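To start, the structure itself, in structure tokens.
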């Protein structure tokens, strides 16, 4: 069942074209997926921590997850936060112990390298200020690892920075086909928070900054997720503005969509099917009207909506549904959850 924009009502279609955040909720969509509980198997004695970071390996089958060491922060933990599961859900590789405070975003590039952002934005104030074993600052960085866990590149100053010194709570990272690197910065929604996209070349040289704090055209508030379609358009999950901002790779805004609800995570597959998670609507503060949390599925080409995998816990007072999302080559969906601390797998029967 496909629901074109014109059937979603005037408010939704205008929102897609103009970025109107007052769009009518798009809750009445079919769910053709079945939930698979407990697919990914952790070692005996280890439990899931909060995770918003999930991505598919270059092989199209294996799944990478960056989770917060059995808690909501890796501060002081000796556990590896970066995990690779094969197609059966068996853990086959792990690394990164002692390097990250708050794994938040993850991306696998064309060469199979794994990029992870550390937003240093979760846990207690004491945990966010934790230093490494050598006494040096941690957090607010982006790391590039080889598939075997070797550190290849680091972006940002340990401990973070603002303005010309970056990063301040980096949320997500994406590498374009030409090697350019995009980082979404600004997890907080306070008036003083950063809210921008930083573009680097493949060596880590800063090329430009895109956007600033606000809710108007070209402005962002808590840019939480990044994805790119087959045309090379950059999709930004502008979460606190309840919209997706679509721009070219130089930062020119091409469209704004609000009918995918409040986006925490975005994934676009090779066929330009778009998967958008909403983990904060309903009973989570700040609430977003009567929108249902869950994963909305549609077309990145024209914004058509086709399905919604709803959060089974409606109107929860805490984050419940998936934040991160990824889809393997067979169309299986993986939802990374912060609140329930788990990785869900969704399949079509």
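Data overview
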| item | result |
| --- | --- |
| Gain on full stretching of the segment that runs from residue 153 to residue 252 - 0.36 nm per residue minus C-alpha separation | 32.8 nm |
| Calculated FRET value between residue 205 and residue 136, using beta carbons and R₀ = 30 Å, to 0.05 | 0.80 |
| q = 0.09, 0.13, 0.14, 0.16 Å⁻¹, the range 5-347: log10 I(q)/I(0) [Debye, one scatterer per Cα] | -0.41, -0.92, -1.08, -1.48 |
| Most fluctuating residue given options 117, 319, 35, as computed from a GNM of the chain linking Cα atoms under 10 Å | 35 |
| Least to most buried among 52, 102, 94 (fewest other Cβ within 10 Å first) | 94, 102, 52 |
| Rough spin-label spacing in nm, given labels placed 7 Å along Cα→Cβ, for residue 192 and residue 41 | 4.9 nm |
| Projected label distance in nm at residue 212 and residue 301, using a 7 Å step from Cα toward the beta-carbon | 3.8 nm |
| Taking the range 73-209 and dividing mean pair separation by its residue count, relative contact order in percent (alpha carbons under 8 Å, at least six apart) | 16 percent |
| Helical contribution to [θ] at 222 nm, DSSP H n ≥ 4, -39,500 (n - 2.57), averaged over the chain, rounded to 500 | -1000 deg cm²/dmol |
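Bear in mind that the values in this text are calculations on the coordinates, not laboratory data. Here the structure is a predicted model, which is why all the values come from computation and not from measurement. Please note: Cβ atoms are built from the backbone with ideal geometry, for glycine as well, and neighbour counts cover all protein chains shown.
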